[in-house]
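Undergrad: Pasting in a structure now, in structure tokens, and then I'll have a few things to ask.
All of the numbers you see were taken from the coordinates with simple rules; none came from a lab. Values in this document were obtained by computation on a predicted structure and should not be read as measured data. Ideal geometry is used to build each Cβ from the backbone, glycine not excepted, and the neighbour counts take in all protein chains shown.
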Amino acid sequence: MRQGGSSKSSFPLAPTRSFAGLLFVLAAIWYAASSQNNAASYLLLFALMSVFLVSIPRTLLNLGGLQATAESIKPAFAGQEVSLPVEVTNESRATRYGIALTLPDLGDAGEHIDEIPAGKAARTVLRFPAATRGEHQIGRLHLTSVYPLGFLQVLKQLSTPQRYVVYPKPAGDQRLPAETARSGQRSSRRELGEGDDFAGVRAYVRGESQRHIDWKAVARGQALMTKQFTAESDGMLYLDLAAVQLDDLEARLSQLALWVIEAERARRPYGLRLPAAEIPPSLGESHLHGCLHALALFQ
């Protein structure tokens, strides 16, 4: 999903730290020129002031015609980095130079783009830490430039209503809990396994064993499919928040997140039980992210 940034301000101009140095130099030259009545000093003073004044409209125009588009953000685990892909398009007829992108609401995380030709686009990735689990929103994106001299900074503020999810940090005991039947009762069910009974095919999941791929279907030009078999089982693997023997809620959610990842890695069908929701046992990337998403949003 791509979110186009909409402008909320009209290129405010502000001095940089280098501007104070420029004023000091100009004041020193003026003092030397006036005290000694030196024509060369006056000429240098007027030349420097002229260059500075001419640079002001160039600084203001350097953000003209720029639009930023924020793309969808992939979920991350707490403690990792969140990556926000951004595409900056130059819709003007002139090349833009020295564009900086920052996220002021997230510790001024930023990247720098040296040059964007006319009618072209440049892509970059803004990275910032995923501090806490849950759903978060990026409110503002700033485009700034100090081109060409660095004495003045022009700012363009964009609204980027982009949301992202931070999963709990996986931590705890890697050993999966024992299989448990629903409501504490043992039952017999048919599940994915390595039995002798063919139960159909499903889409191949990257990374799993290729032993059960339907190669005859591949030879006919079809997509990769995995053969499924059934086997008898006495119970099902449910990862239950109430069964985690830890005092801290965040530690319990981290333990469940780790078990979800380990169960997926072991290719053991697993379900998730939370006080207000239950996800039935399954496997696959969508099921993995569904469980982690539920843990991230748990209150």
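Undergrad: Under Stokes-Einstein, with the Kirkwood radius over Cα pairs standing in for Rh, what whole-number D in µm²/s applies to the range 27-159 at 10 °C and 1.306 mPa s?
TA: Value of D from the Cα-based Kirkwood radius: 92 µm²/s.
Undergrad: How would Val244, Val25, Val154 line up from fewest to most surrounding beta-carbon atoms within 10 angstrom? Before the final figure, lay out each step's value.
TA: On the way: Val244 18, Val25 13, Val154 21.
Final ranking by Cβ density, sparse to dense: Val25, Val244, Val154.
Undergrad: Can you give the relative contact order of the range 2-167 as a percent, counting alpha carbon pairs under 8 Å and 6+ residues apart?
TA: 31 percent
Undergrad: Net charge near Ala296: determine it from the other residues with C-beta under 15 Å of the C-beta of Ala296, scoring Lys and Arg +1 and Asp and Glu -1. Each step should come with its number before you reach the end.
TA: Values: positive: Lys74, Arg133, Arg163, Lys169, Arg252; negative: Glu135, Glu250.
Local net charge: +3.
Undergrad: Quick one: Asp240, Asp248, fewest Cβ neighbours within 10 Å first, how do they rank?
TA: Working: Asp240 15, Asp248 8.
If I rank by nearby Cβ atoms, fewest first, I get Asp248, Asp240.
Undergrad: Still on this model: Rank these for me by crowding, Leu249, Leu143, going from fewest to most other beta carbons within 10 Å. List each step's numbers first, then the result.
TA: Numbers: Leu249 13, Leu143 25.
Listed from fewest to most nearby Cβ atoms, that is Leu249, Leu143.
Undergrad: Ok, one more. With each pseudo-label sitting 7 Å past Cα toward Cβ, what's the Leu224-Ser92 distance in nm, one decimal?
TA: So the two model labels end up 4.7 nm from each other.
Undergrad: Shape of the range 20-96 from its Cα gyration tensor (a ≥ b ≥ c, root eigenvalues): rounded if a/c is under 1.5, otherwise prolate when a/b > b/c, or oblate? Write out the running numbers ahead of the final one.
TA: Working: a/c = 8.18, a/b = 2.48, b/c = 3.30.
Oblate is the answer for the range 20-96, as a/c is 1.5 or above yet b/c matches or exceeds a/b.
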